[in-house]
Amino acid sequence: MNRLTQKICLLGDFSVGKTSLVRQFVEGRFDDRYLSTIGVRVSRRQAVVNAHELSLLIWDIAGSEAFSQVVHNYYAGSGGALLVCDLTRLDTLGTLERYSAEFRQINPAAHLVLLANKLDRSSERAIEHQQLADFAARLNIPWYLTSAKTGAGVEASFLDLSAAIITQRSM
């Protein structure tokens, strides 16, 4: 079995659930307390994807940081990124255009996946299915509805990104 280490980033505004998504994927748990990420937090998880033993280095990057040399350094060397919006806040989808452009400026061949998080808060939903589909189509990327709280879509979205990265590296 081939062993690979790959860096991936989570990008999106403050309070969209990036840290909670990482915690759910890495530790299998959810915590209601909000702790703002300052700078970057790196987590690790082992996974087997397409007959490869993959060590994922997951960079949870603070939202709304100005694009700078520091952010450039955070993005460098990533095989892909999860773009995260909050289904209860329409503005968080629009800002992903900027995050994706900045990320692709550093990593032009990297894979992106859109995560529309907080699916568990359906009564507060502000982003419609078609808006997500249109956004993903513009960037030519897959998308998932996720809930860091329930775990819905979390595992599949991280592993989908991982599989795309492995496929590209194998070519």
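The values are calculated or read from the model by the stated rules, or taken from the named source; none is laboratory data. On a predicted model such as this, the values are computed, not experimentally measured, just so you know. Glycine also receives a Cβ, built like all others from the backbone with ideal geometry; neighbour counts cover every protein chain displayed. We work out accessible area using only protein heavy atoms, side chains counted, and drop any ligands, DNA or RNA first. Shrake-Rupley method; radii C 1.70, N 1.55, O 1.52, S 1.80 Å.
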Checklist entry - In the chain, what % of DSSP beta bridges are antiparallel (nearest 5)? => result 30
Checklist entry - Which label belongs to the value computed from this structure, given these candidates for Rg and Dmax of the Cα atoms in Å: [x] 14.9, 45; [y] 14.8, 41; [z] 15.8, 48? => result [x]
Checklist entry - With the other protein chains left in place, how much accessible area per residue, in square angstrom, belongs to the chain at a 1.4 angstrom probe? => result 47
Checklist outcome for this item: Taking the chain and counting helices only, DSSP H stretches of n ≥ 4 at -39,500 (n - 2.57) each over all residues, the nearest-500 ellipticity at 222 nm comes to -10500 deg cm²/dmol
Checklist entry - For the pair D31 and M1, how long in nm is the line joining their label points, each one 7 Å along Cα→Cβ? => result 2.9
Item to check | Difference of contour (0.36 nm per residue) and Cα-Cα distance, N140 to V70 | outcome: 22.5 nm
Checklist entry - Can you give the FRET efficiency for S43 and A101, using 1/(1 + (r/R0)^6), R0 = 22 Å, r = Cβ-Cβ distance, to the nearest 0.05? => result 0.30
Checklist entry - Mind listing which GluC sites (Glu not before Pro) in the stretch 69-171 are in a DSSP loop and have 12 or fewer other Cβ atoms within 10 Å? => result E128
Item to check | For the stretch 52-58, Karplus couplings with θ = phi - 60° (6.51, -1.76, 1.60), whole Hz, Gly/Pro x | outcome: 10, 8, 10, 9, 8, 9, 9
Checklist outcome for this item: With x for Gly and Pro, the residue-by-residue ³J(HN,Hα) of the stretch 120-125, computed from phi through the Karplus equation 6.51 cos²θ - 1.76 cosθ + 1.60 at θ = phi - 60° and given in whole Hz, is 5, 9, 4, 5, 9, 4
Next on the checklist: Using amide H atoms built in the peptide plane, which far-off residues or other-chain residues are under 5 Å from A126 H to H?
Outcome noted: T88, R89
Item to check | Karplus 3J(HN,Hα) series, Hz, for the stretch 7-16 with 6.51 cos²θ - 1.76 cosθ + 1.60 (x for Gly, Pro) | outcome: 8, 10, 10, 10, 10, x, 5, 4, 6, 8
Next on the checklist: Helix check for the chain. Which DSSP H runs span at least 18 Å along their own axis by Cα, with a mean Kyte-Doolittle hydropathy no less than 0.5?
Outcome noted: 154-170
Item to check | Within the accessible area of the stretch 12-171 (1.4 Å probe), percent carbon and sulfur | outcome: 54
Checklist outcome for this item: Two pseudo-spin positions, 7 Å from Cα along C-beta at A163 and at S122, lie apart in nanometres by 2.5
Checklist entry - Around L4, which amide H atoms from residues at least 5 apart in sequence, or from another chain, sit under 5 Å from its own amide H, with H modelled in the peptide plane? => result E53, L54, S55
